[in-house]
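Q: Here it is, the structure in full.
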Amino acid sequence: NAGVTQTPKFQVLKTGQSMTLQCAQDMNHNSMYWYRQDPGMGLRLIYYSASEGTTDKGEVPNGYNVSRLNKREFSLRLESAAPSQTSVYFCASSETWTEKLFFGSGTQLSVL
Amino acid sequence: GENVEQHPSTLSVQEGDSAVIKCTYSDSASNYFPWYKQELGKRPQLIIDIRSNVGEKKDQRIAVTLNKTAKHFSLHITETQPEDSAVYFCAASRTGTASKLTFGTGTRLQVTL
């Protein structure tokens, strides 16, 4: 039982490059989330998916797109990376209509 | 929307002492208040939470208190140990879904020997 798995763990991009962060959970949770964590800013919600087939914007969605591929997988895409997107990204999941989040181990992304 | 402020940003205590971290929130309709612990290089994990129908909740050495009138809640760690060293995040939301959670900016707790 791996919980929430994210790949890659580290990534360095040049400005304008694109990439996709992958996330999968094996807890049969309906809801999945993408957060970014910046120094002094706490965790901020980028996008979430309340259930398979639905996605919604969070607090800071600009510059990102998401895909809920199936119940297990939720990916985050940066189409044209910018230095302001340098951050640590966490995927998380939760059961429907509960507040407890289970986080992945994070992806440290640097955009040069 | 909700705004959560967390203080202090850093806290250093000696092993065995108590540590207190405080958060204030702005939305009077918020009624769920979790605390997450993030050890260095690790993922955040829920350590304790409280709902607005109670004023205090304890789990071994950690406790959370809630003052709805003043709109603030606090995390108390007694008999601190080196493994308590981490960043602690508070959060607040209206009950029902994690998508509405607003996090504080975090407190880095260092427990020194």
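Q: List the extent of the Cα atoms of the stretch B:53-95 along each of their three principal axes, largest first, rounded to whole Å.
A: On the principal axes, the stretch B:53-95 reaches 34, 18, 18 Å in Cα extent.
Q: From the Cα trace of the stretch B:1-56, what convex hull volume per residue do you get, rounded to a whole Å³? Before the final figure, lay out each step's value.
A: Working: hull volume 6.8 nm³, N = 56.
Measuring per residue, one finds 121 Å³ for the Cα hull of the stretch B:1-56.
Q: Compute the signed sum of charges (Lys and Arg +1, Asp and Glu -1) over the other residues within less than 14 Å, Cβ to Cβ, of B:SER28. Show your work: numbers first, answer last.
A: Numbers: positive: B:LYS68, B:LYS71, B:ARG94; negative: B:GLU2, B:ASP27.
With Lys, Arg at +1 and Asp, Glu at -1, the net is +1.
Q: Next question, about the same structure. Using alpha-carbon pairs under 8 Å, 6+ residues apart, how would you state the relative contact order of chain B in percent? Let's see the in-between values first.
A: Numbers: 281 pairs, mean separation 41.6, N = 113.
Across chain B, relative contact order equals 37 percent.
Q: When the gyration tensor of the stretch A:58-100 is built from Cα positions, what are the square roots of 5 times its three eigenvalues, in whole Å, from largest to smallest?
A: 23, 13, 9
Q: Oh, and also: Given the pairs A:LYS9/A:LYS57; B:LYS42/B:LYS68; A:LYS9/A:LYS71; A:LYS9/B:LYS71; A:LYS100/B:LYS68; A:LYS57/B:LYS58, which span a C-alpha to C-alpha distance of over 27 angstrom in this model?
A: Working: A:LYS9/A:LYS57 24 Å; B:LYS42/B:LYS68 32 Å; A:LYS9/A:LYS71 22 Å; A:LYS9/B:LYS71 38 Å; A:LYS100/B:LYS68 21 Å; A:LYS57/B:LYS58 35 Å.
Pairs exceeding 27 Å: B:LYS42/B:LYS68; A:LYS9/B:LYS71; A:LYS57/B:LYS58.
Q: Convex hull over the alpha-carbon atoms of the stretch B:26-80: what's its volume per residue in Å³? Don't skip to the end; give the middle numbers.
A: Details: hull volume 5.2 nm³, N = 55.
Output value, Cα hull per residue: 95 Å³.
Q: If you don't mind, there's one more thing I want to ask. What length, rounded to one decimal in nm, is gained on full extension from B:VAL54 through to B:SER9, with 0.36 nm per residue of separation minus their alpha-carbon distance?
A: Values: separation 45, 0.36 × 45 = 16.20 nm, distance 2.65 nm.
Contour length minus Cα-Cα distance gives 13.5 nm.
Q: What is the average number of partner chain Cβ atoms found within 10 Å of a Cβ in B:99-108?
A: Values: counts 12, 4, 8, 5, 8, 2, 6, 6, 0, 0.
The per-residue average across the peptide is 5.
Q: Related question: In a Debye calculation with equal point scatterers on the alpha-carbon sites of the stretch A:1-58 and no solvent, what is log10 I(q)/I(0) at q = 0.16 Å⁻¹?
A: With one equal scatterer per Cα and no solvent, log10 I(q)/I(0) is -0.67.
Q: Shifting gears a bit: Calculate the tail of P(r) for chain A: the fraction of all Cα-Cα distances greater than 23 Å, expressed in %. Intermediate values should be presented prior to the final figure.
A: Details: 1260 of 6216 pairs.
The share of Cα pairs beyond 23 Å in chain A comes to 20 percent.
Q: For chain B, treating each Cα as an identical point scatterer without solvent, what Debye log10 I(q)/I(0) comes out at q = 0.18, 0.24 1/Å?
A: At q = 0.18, 0.24 Å⁻¹ the computed log10 ratios are -0.84, -1.41.
Q: Taking each pair of different alpha-carbon atoms in the protein assembly as shown once, compute 1/r for the pair, average those values, and report the inverse of that mean as the Kirkwood hydrodynamic radius in Å to one decimal. Each step should come with its number before you reach the end.
A: Numbers: mean 1/r = 0.0555 Å⁻¹.
So the Kirkwood estimate lands at 18.0 Å.
Read-outs throughout are calculated quantities, based only on the coordinates presented, and are distinct from any laboratory measurement. None of the values given here were measured: they were computed from a predicted structure. All Cβ positions, glycine included, derive from the backbone under ideal geometry; neighbour counts span all protein chains shown.
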